[in-house]
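Chemist: Here it is, the structure, as structure tokens.
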Amino acid sequence: MPSGIATEIYIAIGLIVLILLIGLVGMRRRPKGTEAETAPPPAEAERRARPEVAEAPAEAPPKPSLRDRLSKSRRFLADRLADAFGRAPDEETWEDVEAALIQADVGVEAATQITEDLRSKARERNLTTADDVRALLAEELVSLFEHDADRALAFGSQKPTVWIVLGVNGTGKTTTIGKLAADLVHRGRSVSLAAADTFRAAADEQLQVWADRAGAEMVKHQPGADPGAVAYDALQHARARQADVLIVDTAGRLHTKTPLMDELGKIRRVIEKEGKVTEALLVIDATAGQNGLVQAREFAEAAGVTGVVLTKLDGTAKGGIALAIERTLGLPIKLVGVGEALEDLEPFDPKTFVDALLS
Ligand SMILES: Nc1nc2c(ncn2[C@@H]2O[C@H](COP(=O)(O)OP(=O)(O)OP(=O)(O)O)[C@@H](O)[C@H]2O)c(=O)[nH]1
Ligand SMILES: [Mg+2]
């Protein structure tokens, strides 16, 4: 091979190698922007890396505790008691405690009794810290609720169990019935509702909405019809379908109109001809405070009430009314309403309640 041609071949190979090398170096130095354009955005990259986690449905938020629901009352009391307990107990401490309890609607008589007991026990036990006195106050409050009260809702020996719900207008009767029905259905019981509030316009429509939400049946008549007749029909209907529980909604006109009490008596008599009313639940609105108590007393005296449902505790700073109700009416609080949703009904337990108020 002539040496001139060999040289040209070597030069050509050298050039090719050089071009390849330049190309390689160029690829390595490609600007970062380009790389970013082709790479998936960070969120997208994360989604690709963890598809199950990113695409799983969000968990339902946990149900707020009773303590959360009573936050208005708790803050109200906490602010006042913080002042009282901010120093070693002296005369002023006890005055402040008494004032706080009265403002929380515990009732004057009960507030005085609690404070006197607290003062003498704190001295006896030589309590000096805020935490100790607060714990003693909790003990005192719990002790004033009826210890042996049966707070469970009573079921009858035959189907259907019948519960009547009554109380002043707007206290939360219909809402409570909806919540109760939902809870029963959730526990596997079949429920019928009687729209025996034939007085207020559209009361049956409101009850129907709750019946649908809860998965219960409802019996109604025309507006203005005899509530006793509705109760009677509802009882027959509940029997025919072997319903476990029949809950009767009633009108809430003011107690001062005597016919309302007559009407409630009639509903009960109609049912008791063929069955038994095992609960007549008086619904009291906690936000009405001591006023609500006066109205409730007349219901309690007239209507054979078996227990109280205390509603709207979430909307008041004066949760102390629970104590006043038990002491004044001599009736057990069986349930508390703590919101407007289906699940916002809780069984009442004095210790849990007081802990939620004070801790
Ligand atoms: N925040 C709060 N609101 C409640 C509670 N219970 C009932 N309510 C509200 O109180 C209002 C009246 O409730 P209803 O159930 O219609 O009261 P009612 O006693 O049936 O009223 P009448 O049929 O007119 O006598 C409604 O706006 C309810 O949402 C509760 O526990 N908490
Ligand atoms: Mg109603």
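The values are calculated or read from the model by the stated rules, or taken from the named source; none is laboratory data. Just so it is clear, the model here is predicted, and its values are computed rather than measured. Because the Cβ atoms are built from the backbone with ideal geometry, glycine has one as well, and the counts that use them run over all protein chains shown.
Chemist: Is it the case that residue 202 is within 15 Å of ligand 1 (Cβ to nearest atom), surrounded by fewer than 18 Cβ atoms within 10 Å (Cβ to Cβ) and not hydroxyl-bearing (Ser, Thr, Tyr)?
Modeler: Against the criterion (within 15 Å of ligand 1 (Cβ to nearest atom), surrounded by fewer than 18 Cβ atoms within 10 Å (Cβ to Cβ) and not hydroxyl-bearing (Ser, Thr, Tyr)), residue 202 qualifies.
Chemist: Could you tell me whether residue 250 is polar (S, T, N, Q), within 29 Å of the chain's Cα centre (by Cα) and away from ligand 2 (no atom under 16 Å from the Cβ)?
Modeler: no
Chemist: Sticking with this structure for a sec: Condition first: in a loop (DSSP other than H, G, I, E, B), more than 15 Å from ligand 2 (Cβ to nearest atom) and more than 29 Å from the chain's Cα centre (by Cα). Now tell me which residues in segment 205-247 satisfy that.
Modeler: 221, 222, 224, 225, 226, 241, 242
Chemist: Based on what the data block shows, is residue 349 within 16 Å of ligand 2 (Cβ to nearest atom) and modelled with pLDDT of 95 or more?
Modeler: No: the conditions fail for residue 349.
Chemist: Return the only residue of 341, 251, 302 being within 16 Å of ligand 1 (Cβ to nearest atom), surrounded by 16 or more Cβ atoms within 10 Å (Cβ to Cβ) and of a type outside the set (Ser, Thr, Tyr).
Modeler: Going through 341, 251, 302 in turn, just one is within 16 Å of ligand 1 (Cβ to nearest atom), surrounded by 16 or more Cβ atoms within 10 Å (Cβ to Cβ) and of a type outside the set (Ser, Thr, Tyr): 251.
Chemist: Still on this structure, I have one more. Which residue pairs have Cβ atoms under 6 Å apart, sit 6 or more places apart or on different chains, and have a first residue in segment 180-204 that is in a helix (DSSP H, G or I) and a second that is small (Gly, Ala, Ser) and at pLDDT 95 or above?
Modeler: 181/214; 181/216; 182/214; 185/214; 185/215; 204/195
Chemist: Mind telling me which of the residues 194, 286 ends up being closer than 21 Å to residue 153 by Cβ, away from ligand 2 (no atom under 15 Å from the Cβ) and modelled with pLDDT of 95 or more?
Modeler: Only one candidate qualifies: 286.
Chemist: Being surrounded by 15 or more Cβ atoms within 10 Å (Cβ to Cβ), within 12 Å of ligand 1 (Cβ to nearest atom) and within 20 Å of residue 308 (Cα to Cα) narrows it down to one residue among 180, 153; which is it?
Modeler: None of the others qualify; the one that does is 180.
Chemist: Only one of (1) touching a Lys or Arg at 6+ places or on another chain (Cβ under 8 Å); (2) more than 12 Å from ligand 2 (Cβ to nearest atom) is not met by residue 199, so which one is it?
Modeler: The one condition residue 199 does not meet is (2).
Chemist: Could you check, for segment 68-85, whether at least one of its residues is buried (at least 20 other Cβ atoms within 10 Å of the Cβ), in contact with a strand residue (DSSP E or B) (Cβ under 9 Å, 6 or more places away or on another chain), touching a residue at least 60 places away in the same chain (Cβ under 8 Å) and in a helix (DSSP H, G or I)?
Modeler: yes
Chemist: Can I ask one more? Could you list, in sequence order, all residues of segment 319-338 that are under 13 Å from residue 290 (Cα atoms), crowded, with 19+ Cβ neighbours inside 10 Å and away from ligand 1 (no atom under 14 Å from the Cβ)?
Modeler: Listed by number, the residues that qualify are 320, 323, 324, 325, 326, 329.
Chemist: Still on this model: Say whether the condition of being surrounded by fewer than 18 Cβ atoms within 10 Å (Cβ to Cβ), touching a residue at least 24 places away in the same chain (Cβ under 8 Å) and within 14 Å of the chain's Cα centre (by Cα) is met by at least one residue in segment 288-295.
Modeler: no
Chemist: From the list 259, 227, which residue is over 17 Å from residue 191 (Cβ atoms) and within 13 Å of ligand 1 (Cβ to nearest atom)?
Modeler: That would be 227, the only listed residue that is over 17 Å from residue 191 (Cβ atoms) and within 13 Å of ligand 1 (Cβ to nearest atom).
Chemist: Only residues that are touching a residue at least 60 places away in the same chain (Cβ under 8 Å), of a type in the set (Gly, Ala, Ser) and either surrounded by fewer than 22 Cβ atoms within 10 Å (Cβ to Cβ) or part of a helix (DSSP H, G or I) (or both): list them for segment 259-287, please.
Modeler: Of everything in segment 259-287, just one residue is touching a residue at least 60 places away in the same chain (Cβ under 8 Å), of a type in the set (Gly, Ala, Ser) and either surrounded by fewer than 22 Cβ atoms within 10 Å (Cβ to Cβ) or part of a helix (DSSP H, G or I) (or both), namely 275.
Chemist: A follow-up question, please. Identify the residue in segment 205-222 that is polar (S, T, N, Q) and closer than 17 Å to residue 340 by Cα and, among all such residues, is nearest to ligand 1 (Cβ to nearest atom).
Modeler: Checking each candidate, the answer is 206.
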